Structures are given as structure tokens and as C-alpha cells.
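Colleague: The structure under discussion is supplied below as C-alpha cells; questions concerning it will follow.
The values are calculated or read from the model by the stated rules, or taken from the named source; none is laboratory data. Computed from a prediction, not measured in an experiment: that's the story for all the values here. Note that each Cβ is placed from the backbone with ideal geometry, even for glycine, and that neighbours are counted across all protein chains shown. Side chains included, ligands, DNA and RNA excluded: accessible areas come from the protein's heavy atoms. Shrake-Rupley method; radii C 1.70, N 1.55, O 1.52, S 1.80 Å.
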Amino acid sequence: MEVIIQPSADDAAALVARIVAARMRLKPDLVLGLATGRTMERVYACLARMHADHSLDFARCRTFNLDEYVGLAPDDPRSYRYYMNAKLFTHINIPRAQTFLPDGMARDLGAECRAYEQRISAAGGIDLQLLGLGVVGHIGFNEPLSAMQSRTREKALTPQTREQNKEMFNGDPERVPHRALTMGVGTILDAREVVMLVTGAAKARILAQAIEGPITAMISATALQLHPNCKVVVDEAAAVHLKGQEYYRWVFEHEPEWEEFRRSET
Ligand code: GLP
């Protein structure tokens, strides 16, 4: 794992977008795993700008989102399908048929989850998976006690997660669905590369536990410590409790791999 500390949330998001762009230029038919949440909105705004300004071409890219609420239709403004269309897909040139999310309205949710895994495999697996971090330390909707080898499945959401995500539900956590379909921890670990973006002081404690604490099913993001190609991009506010800060900064400043990313630009 590598931790990259950027001065601000905007810089952190811009760096993540530049990593995506670099991978897409190398492999135009990139299979990209996507996440939702407020943190990601900045990344999607950057990608949309890169598409508009520099012709970043998404025509051959395929995307798989981490999760979707159970019981929300794609045209429901609170659904993650709606979020993705609004924040990213309508601003870039990806054919909608190449964008996938689990269907939270499926009659047979178990079958939908199995089919989702098959769709990912049929696409050749995920090349680059983007992640945010939930307040309980989840990735996707892998709530505490999610098995490290779990696959896409239905998961009950914790009260903390429903509280975190209440904004889209008139600020009322009781209106947030109790259940969601989510890629499993095992599904995420199968991605060839993982980039997690974490910003803001509110995530500082859980971030330190997730990346420097012991691996535990109570905090599904700790599973990323097992991944051989994982980057965690954070802003200064989220980084305050990291013990290894000095070392992480040194690595980013000196590793040849990061040379093209050190100049800040958006
Ligand atoms: C939801 C999503 C997660 C996301 C998290 C962070 O719980 N299921 O995938 O990482 O939100 O949200 P935010 O970026 O709004 O803090």
C-alpha cells in the first residue's frame, strides 16, 4: 500500500482523476470500478473536465459500480444509478450500455448478485477500482463483520451508515434503505489496482485505523492491506492521525513511479 498526502481535497481528487486518465490512456478499454458518495463527486467533476478539455476518451471503457440500494429504481434521484448518470456518465462519452451497477430492484436479488459477479468476470475483471471510505470503515457497503472473501451480495446497513447517507433522504436516516447490494471485500480485492480517496477531518480517525491498524472484519477497509497494488490518496485534514506520515511523504516525493503526478495540475 502507498499513501499519498495532498494539500487539499481538490488536489487529492485531481490526483485520483489523473491516475484514472493515465490508466485509460494506456488501456482505452479499461474496466473501471466506481464508487459513489460526496468524496467522489470532485473526481467525477475532474474526469468530466478532462473529457471536455483534453478529449479523455471513455468510448471503450466499461464501468462497474460498487453498490446500489435495494428498492430504489434507476430513475429515483436517491439511487446510485441516478447519481452516476448525473455526476459522470452524462458528461462523458461512455455508452450507457457499458456502465453497470447492481440492480436493487431485481426480483431475485441473490441471482442479480451472482450475475453481477459474472458480468465482471466476463469483462476480464476490474483493472482499477476506485473507493471511498465510510464512517464505519466500510468499502462499498461492506459493513462490519463482512467476510474478507465475500462476493457481491445483499447487506444490511448499520445505523451509522444510514446516518452518514441521510442527506439524499431529506436528512432523515429512517428513510435510508436498510439494505443494499454491494461488491464483496473479495470482489474488491480481485481488482488489479485499487485507489481509495479519503478527505476531510471527519474521516481522520477511521482512516488511521483502516490503513495502520490491525486487519479486522470489523473494518472492511483494513482488507486493503492485503492488496498488492493499492494506493490511498488523502488530504491533509484526513491524514492528521497517520503515524507514518513522514515516510509516506518521502516515498511520494522520491519514487520514480510518481514523477508525472508530482506536479500539481488539474
Ligand atoms: C457510501 C458508499 C461508499 C462510500 C461512502 C463514503 O457509504 N456506499 O462506497 O465510500 O458512502 O461517502 P462520502 O464520500 O459521502 O463520505
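Colleague: Would you be able to tell me the number of residues in region 11-21 that are more than 9 Å from CYS46 (Cβ to Cβ) and open to solvent by 20 Å² or more (accessible area, probe 1.4 Å)?
Modeller: Total meeting the criteria: 1.
Colleague: Check region 56-78 and report whether any residue there is within 16 Å of the ligand (Cβ to nearest atom), crowded, with 22+ Cβ neighbours inside 10 Å and assigned to a loop (DSSP other than H, G, I, E, B).
Modeller: The answer is yes; a qualifying residue exists.
Colleague: Same structure again: How many residues are touching a residue at least 40 places away in the same chain (Cβ under 8 Å) and either within 18 Å of GLN225 (Cα to Cα) or hydroxyl-bearing (Ser, Thr, Tyr) (or both) if we restrict to region 114-125?
Modeller: 1
Colleague: So, in region 191-216, of the ones that are in a loop (DSSP other than H, G, I, E, B) and out of contact with any helix residue (DSSP H, G or I) (no Cβ under 8 Å at 6 or more places or on another chain), which residue ends up most open to solvent (accessible area, probe 1.4 Å)?
Modeller: Per the criteria, the residue is ARG192.
Colleague: So which of GLU174, GLU193, GLU143, GLU154 ends up being over 19 Å from the mean Cα position of the chain (by Cα) and acidic (Asp, Glu)?
Modeller: GLU174
Colleague: Can you name every residue in region 139-160 that is within 11 Å of the ligand (Cβ to nearest atom) and closer than 15 Å to TYR69 by Cα?
Modeller: Passing the criteria: ILE139, GLY140, PHE141, ASN142, GLU143, LYS155, LEU157, THR158.
Colleague: Please enumerate the residues belonging to region 235-266 that are modelled with pLDDT under 95, out of contact with any Leu (no Cβ under 9 Å at 6 or more places or on another chain) and part of a loop (DSSP other than H, G, I, E, B).
Modeller: GLU255, ARG263, GLU265, THR266
Colleague: Related question: Name the single residue that is farthest from SER121 (Cα to Cα) among those in region 161-193 being basic (Lys, Arg) and away from the ligand (no atom under 14 Å from the Cβ).
Modeller: ARG175
Colleague: Is it the case that LEU130 is within 16 Å of the ligand (Cβ to nearest atom), open to solvent by less than 20 Å² (accessible area, probe 1.4 Å), free of Cβ contacts under 8 Å to residues at least 60 places away in the same chain and in contact with a helix residue (DSSP H, G or I) (Cβ under 9 Å, 6 or more places away or on another chain)?
Modeller: So LEU130 fails the test.
Colleague: Taking region 218-234 on its own, how many of its residues are open to solvent by 30 Å² or more (accessible area, probe 1.4 Å) and either within 12 Å of the ligand (Cβ to nearest atom) or outside any helix (DSSP H, G or I) (or both)?
Modeller: 3
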